[in-house]
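Have a look at the structure below before the remarks.
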Amino acid sequence: MKTLEQIVAQHRDEWKKRSLEQQHREIENNEAVAKLYGLEDEIPSHVPLERVSLTNNSAFRWPNKSPEERDALFAQSSVVDLISYAVGCMFGRYSVDVPGLILGDQGATFGDYLAKVPHPTFMPEKDNVVPIVDGDWFEDDIVERFRQFLRTVFGEQHLDANLRYVSQTLGLKNLRNYFIKITGRGAGSKFYDDHVQRYKKRPIYWLFSSPRGSFNALIYMHRYSPTTVSTVLTYLREYVTKLESAFQQAEHSGNATESDRLRRILVELNEYEHETLYPKASENVIIDLDDGVKTNYPKFGSALKKIAGLEAAIE
């Protein structure tokens, strides 16, 4: 089995070949039309590769970049696409076993997935919640689930190399920084920014996020039910319990820097629970996807990550 780097390089070369073939066809078409009307000497038939409008033609996508820069951007785009697909598999939107859309109807369940994919190679999340936090606090957090995806699809023997390739291609020290980067209020997830951009500010995965981003949990809107926020709340409380234990250890060991950091996070998360997430969970919010994301996303107010254009909360 090939490494991810080898697969991306093969994919890139295939698209280069397709783009050159399409360029050749367009030039031939122009020459035929010019000849038909006797305009061979008056109208140029050449078509620059940058004008061949294939989606994965690097010259068309990044016309002002050098060939080396185009290759790097192609690899980065491929990795981002792979991560997006992997997250889709985590929620049962897609499956590595069956092509096409698996779960795409409102209220779709884990049982619906198993009815379509009885023996999945990669199992989606049963509870429709994938936590995203700054460390290995959950066995099913998004980084661990992506590791499982790489292991399942590309093989255990290439796991370390593939993880390094993903991080290096994204320009990050480690993979977790793509999903969560805490630098203060307003800090965001590059993954979620990419997702929101991919779906033109109408995301299908919704990010529950505390004010400073110390706790995050992703859900799939098509599998949402009125108890989903309560499930997110359960994850939050579990995380707080683990952080409280870590805080006590830091206090006991005299690590003032770490205890101060954890104290600030615990204050943030307790406020998020009591002022935002618990009240919203108690509402058992009902959504209707026929009304669109613009109507449904704001129903959760500040419980969800703020997205420009979806700010107006419905009280």
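The values are calculated or read from the model by the stated rules, or taken from the named source; none is laboratory data. All values derive from a computational prediction rather than experimental measurement. Don't worry about glycine lacking a Cβ; one is built from the backbone with ideal geometry, like all the others, and counts go over all protein chains shown. For the accessible areas, the whole protein counts, side chains as well, though only heavy atoms, and no ligand, DNA or RNA atoms are used. Shrake-Rupley method; radii C 1.70, N 1.55, O 1.52, S 1.80 Å.
Miscellaneous remarks
- Candidates Phe191, Phe60, Phe91: whichever shows maximal mean-square fluctuation once the chain is modelled as a Gaussian network with Cα springs under 10 Å: Phe60
- Lysine pairs within the stretch 1-76, Cα separation less than 28 Å, 8 or more sequence positions apart or different chains: 5
- Gap separating the Cα centres of the stretch 39-76 and the stretch 212-270, nearest whole Å: 48 Å
- Nearest-ten-degree value, helix 256-272 long axis tilted from longest Cα axis of the chain: 90 degrees
- Using alpha-carbon coordinates, inclination of helix 228-253 to the longest axis of the chain, degrees: 70 degrees
- For the chain, built as a Gaussian network whose Cα springs stay under 10 Å, the top-fluctuating residue of Val153, Val129, Val232: Val153
- Computed over the stretch 198-315, the P(r) tail beyond 23 angstrom holds 35 percent of alpha carbon pairs.
- Structure-derived mean projected area of the Cα convex hull in nm²: which label, when the choices are (i) 21.3; (ii) 25.8; (iii) 19.2: (i)
- Entry comment: accessible area of the stretch 220-312 is 52 Å² per residue, from protein heavy atoms only and a probe of 1.4 Å.
- Acute angle (nearest 10 degrees) that the helix 142-154 long axis makes with the longest principal axis of the chain, alpha-carbon atoms: 40 degrees
- The chain: relative contact order as a whole-number percent, Cα under 8 Å and 6+ apart: 14 percent
- Compared with the direct C-alpha span, the chain from Lys35 to Asp97 gains 17.3 nm at full extension, assuming 0.36 nm per residue.
- For the stretch 63-148, the solvent-accessible area works out to 45 Å² per residue, with a probe of 1.4 Å and every protein chain left in place.
- Extending 7 Å from the Cα toward the beta-carbon at both Trp137 and Asp290 defines two label points whose distance is 4.0 nm.
- Annotation for the stretch 145-225: trypsin sites (Lys or Arg not before Pro) lying in DSSP loop with at most 15 further Cβ atoms inside 10 Å of their Cβ are Lys173, Lys181, Arg185, Lys200, Lys201.
- Taking all protein chains together and rolling a 1.4 Å probe, Ser245 ends up with roughly 50 Å² accessible.
- For the stretch 184-315, the number of Lys pairs with C-alpha atoms closer than 20 Å, counting only pairs eight or more positions apart or on separate chains, is 18.
- Residue-averaged 222 nm ellipticity for the chain, from DSSP H runs of 4+ at -39500 (n - 2.57), nearest 500: -16000 deg cm²/dmol
- Per atom type, the stretch 173-315 shows carbon and sulfur on 49% of its accessible surface, probed at 1.4 Å.
- The stretch 53-112, accessible surface, carbon-and-sulfur percent (1.4 angstrom probe): 51 percent
- Order by protection proxy (mean Cβ within 10 Å, highest first), peptides 284-295, 3-14: 3-14, 284-295
- In loop segments of the stretch 210-315 as defined by DSSP, there are no chymotrypsin sites (Phe, Trp or Tyr not before Pro) with at most 15 further C-beta atoms inside 10 Å of their C-beta.
- For the stretch 47-63, Karplus couplings with θ = phi - 60° (6.51, -1.76, 1.60), whole Hz, Gly/Pro x: 10, x, 4, 5, 9, 7, 8, 8, 3, 9, 7, 4, 5, 6, 6, 10, x
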